[in-house]
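Below: the structure, in structure tokens.
The values are calculated or read from the model by the stated rules, or taken from the named source; none is laboratory data. Please read all numbers here as calculations on a predicted model, not as lab measurements. Glycine also receives a Cβ, built like all others from the backbone with ideal geometry; neighbour counts cover every protein chain displayed.
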Amino acid sequence: GTLALKLPPYSPEATAAFATAITVMMIFTIFGNILVIIAVLTSRSLRGPQNLFLVSLAAADILVATLVIPFSLANELMGYWYFRAAWCEIYLALDVLFCTSSIVHLCAISLDRYLSVSQAVKYSARRTPGRIKAAILVVWLISAVISFPPLLSMNKSQDGQRCQLNDERWYILYSTIGSFFAPCLIMILVYVRIYQIAKRHTRSPSYKRTVPRPPSLSVPPPSPHNNNRNSSSSGSDMEKVSELVDQGPSRAARLSGGGVLPPPSAQQSRDMIVTSRGTVLVAQRVRAESTPNTARRKALVNREKRLTFVLAVVIGVFVVCWFPFFFSYSLQAICPQACTLPDPLFKFFFWIGYCNSSLNPLIYTIFNKDFRRAFKKILYRNRKDTFF
């Protein structure tokens, strides 16, 4: 039995191909997630407190690539557990912890998105770096509480050649519900709520672009020596003013009696109109977009929208990668005889889940221009430092 157990499960060619693919994935996972951490910590556009969740999530993915995947790869290719039994327990604990931590992070991120949409002003004032760091600590504590207790009764073989979790029904149901299905349900419900709120805001009249009010006219008081002439012809002046307001400031400049007036600046947001007798009339336009605070707020809202969309993609990809494994794993507890999958297919689902750790940096690059700009800046700066 021991001799058969130690025979390699794959041919040399398959072993080399599998080892190469997983090694490339590990390198890409480590490199990509380090880029994410550097980008968030150094880029001004990504320095918001909410992005600290992405730093912690990237750290969890790096830990998966360094402390879990190499030993899973050795265990897979060799067909038995080569390392000490004590490390087997640590390895299994870290494997469950990091996977659970990833999905609990995504739960926290979805709740952060919900609060930023439903209570934008109030929550943005309360969302400080200190509170986000405290939330991240809670995420890791929750992950540990979910992950560690069942590991006290792991399935240890008598010969010490295997390293695997027990296959008891209570453990399978506990781990699949606590580590995946319950957090998934929370995330789906939260994002449905976010979608409903965003849809309601889009349809509400206050969200739509406001139409500027008609220009308000202010007439400077006439000088005393011109009082009679101005008062006698105020009606004709006002008619000209209304005509000029319709025709725009350029027309007013051309009709100026005292020469051509320079066009008003966009910051002034007003039309200077000069009548034939030199009276200056000011047409003040009210624009919703004219103040710097409004423009800044609009930019922040657009950035929040982009980040919400990107994080929805991250959550969706995570679910797609891990659902096949957790679903097939839960079937072992629900119907162990009739629903058992072929072992190669189950292992394929297992490794697809690990691949998720390498995908987040790719998603950020494709769907978010702030991350894309930050990555280019980091890579080009390092390239310049290398050559010069």
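Within the range 82-120, can you find the residues that are within 15 Å of residue 136 (Cα to Cα) and polar (S, T, N, Q)? Passing the criteria: 100, 101, 102, 110.
Scanning the range 3-37 for residues that are touching a helix residue (DSSP H, G or I) at 6+ places or on another chain (Cβ under 6 Å) and not small (Gly, Ala, Ser) returns 15, 22, 25, 26, 28, 29, 30, 33, 35, 36, 37.
From the list 327, 350, 309, 323, exactly one residue is touching a Phe, Trp or Tyr at 6+ places or on another chain (Cβ under 6 Å) and either surrounded by fewer than 17 Cβ atoms within 10 Å (Cβ to Cβ) or without any contact (Cβ under 8 Å) to a residue 12 or more places away in the chain (or both). Which is it?
On the way: 327 fails: touching a Phe, Trp or Tyr at 6+ places or on another chain (Cβ under 6 Å); 309 fails: touching a Phe, Trp or Tyr at 6+ places or on another chain (Cβ under 6 Å); 323 fails: touching a Phe, Trp or Tyr at 6+ places or on another chain (Cβ under 6 Å).
Result of the check over 327, 350, 309, 323: 350.
Residues considered: 49, 8, 12. Of these, the only one that is of a type outside the set (A, V, I, L, M) and either within 30 Å of residue 113 (Cα to Cα) or at pLDDT 95 or above (or both) is 49. For residue 133, the conditions (1) under 30 Å from the mean Cα position of the chain (by Cα); (2) buried (at least 16 other Cβ atoms within 10 Å of the Cβ); (3) modelled with pLDDT of 90 or more all hold with the exception of (2).
Tell me which helices (runs of 4 or more DSSP H) are completely within the range 64-154 and hold 3 or more residues being free of Cβ contacts under 8 Å to residues at least 40 places away in the same chain, or say none if there are none.
On the way: elements: 69-78, 85-118, 120-126, 129-147.
The helices (runs of 4 or more DSSP H) meeting that bar are 85-118, 120-126, 129-147.
Among the residues of the range 322-344, the ones that are under 21 Å from residue 169 (Cβ atoms) and either part of a helix (DSSP H, G or I) or modelled with pLDDT of 90 or more (or both) come to 14 in all. Checking each residue in the range 42-63 for being part of a helix (DSSP H, G or I), more than 23 Å from residue 178 (Cα to Cα) and small (Gly, Ala, Ser) picks out only 45.
Against the criterion of being of a type in the set (Gly, Ala, Ser), over 16 Å from residue 374 (Cβ atoms), free of Cβ contacts under 8 Å to residues at least 60 places away in the same chain and surrounded by 16 or more Cβ atoms within 10 Å (Cβ to Cβ), residue 19 does not qualify.
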